[in-house]
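The values are calculated or read from the model by the stated rules, or taken from the named source; none is laboratory data. Because the structure is a prediction, the values reported are computed rather than measured. Neighbour counts run over all protein chains shown; Cβ positions are idealised from the backbone, glycine included. We work out accessible area using only protein heavy atoms, side chains counted, and drop any ligands, DNA or RNA first. Shrake-Rupley method; radii C 1.70, N 1.55, O 1.52, S 1.80 Å.
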Amino acid sequence: EFGLRSGTENIPGIVGFATALQIAQQEREKEAQRVKKLRDQLYTELQKGIPGCEINGSSEHRIPNNLNVSFSRIEGEALVLILNEEGIEVATGAACSNKERGPSHVLLALGDKKKAAGSLRMTLGRYITKEELNEVVVQIKKNVEQLQKIR
């Protein structure tokens, strides 16, 4: 125990964790396809409804639950603050970016500072529904339009 905790190992916790891992492994492919379909739908709806919406990075070579897009003529940080107030948790930059202000160095490496500044990163979870996704699209469209008007 390295002096951190004495006593008997948590056998029920260990067995429960192993069972959870087995279930996750069994459902991994099916769940990945479900979330990928929702992610692709999210991007399609955003691209249709918001001029200047572009995907950051490859549209094919990415994990199934990740979408990183840029919107022209907005600051991504402002959109994040507004959406967080609406209960929609998103971020700017790349998942591997640090806490520094300004555009992510990862997105800057893609070559466009304005695009990097207007980025929004979304990660879809296992429990997201199509209805929730539709509400996210509505809120993003509404708030991007408002931000573009003031810029």
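Descriptive notes on the structure:
- For THR123, THR129, THR92, THR8, the ranking by accessible surface with the largest value first comes to THR8, THR123, THR129, THR92, using a 1.4 Å probe.
- The accessible area of VAL138, taken with all protein chains in place and a 1.4 Å probe, comes to roughly 80 Å².
- On full extension, the segment bounded by ILE23 and ILE55 gains 8.3 nm, given 0.36 nm per residue less the C-alpha separation.
- Reachable aspartates and glutamates from LYS30, criterion Cα separation under 17 angstrom, eight or more residues apart if same chain: ASP40
- Zone residues, the stretch 22-48, relative to GLU9, backbone N less than 18 Å from point 7 Å out along Cα-to-Cβ: 22
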